[in-house]
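J.: One structure is given below, represented as structure tokens, and several questions about it will come after.
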Amino acid sequence: MIDYETFCQIKELKRNNLNAEQIARELSLNSRTVRKWVSEERYMPRKSGWRPSKLDPFKKDIIRDLEAYPYSAAQILARIREKGFEGGYSIVKKYVRKVRPPKVSPYLTLSFAPGECAQVDWGSYGSVPVGSTKRRLSFFVMVMCYSRMAYVEFTVSQTMEHFLSCHQNAFHFFGTCPKKI
């Protein structure tokens, strides 16, 4: 089957006195195809008849199964074969892809304006020797939510004094104070 553009090219080459073999060579077509279309007065695309899909009797079962559980196309194929389906995997895969309920995101996507919010937390990084004793080494982290820029400061204590001091140092580092922390 050829398209309308190819039909027009065949007619144009025929008007230029080329024979069917020459036109076929020029357009990379079979010479019988060219002869057929040269004899036609106008382009008439082939009309293919509609036929029902082998999957039609099973579509409601597939939708019901997918609503109950997110089966794979192979699992759906096995289930409908038990009910008498004689088609192949590819038709089932295409239909399952088309009707499968959309996946729901398992997390909430947050968005922030620049400087709107920062997140703060403490972490532990083992211990360090201080004089004759070992002290736990902690770190303070502040991350700006929009840019994901981070400030980290190591301390040997998590007192309120150190907490506030780390905040001041982070604000100085970022050059701003976020609206929410």
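J.: What are the residue pairs meeting all of these: first residue in segment 125-136, first residue in the same structural domain as F154 (by TED's automatic domain parsing), second residue hydrophobic (A, V, I, L, M, F, W, C) and in a strand (DSSP E or B), Cβ atoms under 8 Å, and 6 or more apart or on different chains?
T.: Y125/L137; Y125/F139; Y125/F154; G126/L137; S127/L137; V128/L137; K134/V128; R135/V128
J.: Within segment 33-72, work out how many residues are more than 45 Å from the chain's Cα centre (by Cα) and surrounded by 10 or more Cβ atoms within 10 Å (Cβ to Cβ).
T.: So the answer is 4.
J.: Right, here's the next one. Does any residue of segment 57-65 turn out to be among the aromatic types (F, W, Y), in a loop (DSSP other than H, G, I, E, B) and modelled with pLDDT under 95?
T.: no
J.: Quick one: which of S48, S105, S72 is at pLDDT 90 or above and either of a type in the set (V, I, T) or not assigned by TED's automatic domain parsing to the domain that holds A170 (or both)?
T.: S72
J.: May I pose another question? Residues of segment 124-169 being polar (S, T, N, Q), part of a strand (DSSP E or B) and more than 44 Å from the chain's Cα centre (by Cα), which ones?
T.: S127, T133
Per-residue answers, yes or no, for (1) touching a Phe, Trp or Tyr at 6+ places or on another chain (Cβ under 9 Å); (2) assigned to a loop (DSSP other than H, G, I, E, B); (3) surrounded by 10 or more Cβ atoms within 10 Å (Cβ to Cβ):
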residue: V96; (1), (2), (3): yes, no, yes
residue: P102; (1), (2), (3): no, yes, no
residue: S111; (1), (2), (3): yes, yes, no
residue: W122; (1), (2), (3): yes, no, yes
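J.: Which pairs have Cβ atoms under 9 Å, sit 6 or more apart or on different chains, and link a residue in segment 100-114 that is under 30 Å from Y71 (Cα atoms) to one that is outside any loop (DSSP other than H, G, I, E, B) and charged (D, E, K, R)?
T.: Listed by first residue and then by second, the contacts come to P101/E67.
The values are calculated or read from the model by the stated rules, or taken from the named source; none is laboratory data. Here the structure is a predicted model, which is why all the values come from computation and not from measurement. Ideal geometry is used to build each Cβ from the backbone, glycine not excepted, and the neighbour counts take in all protein chains shown.
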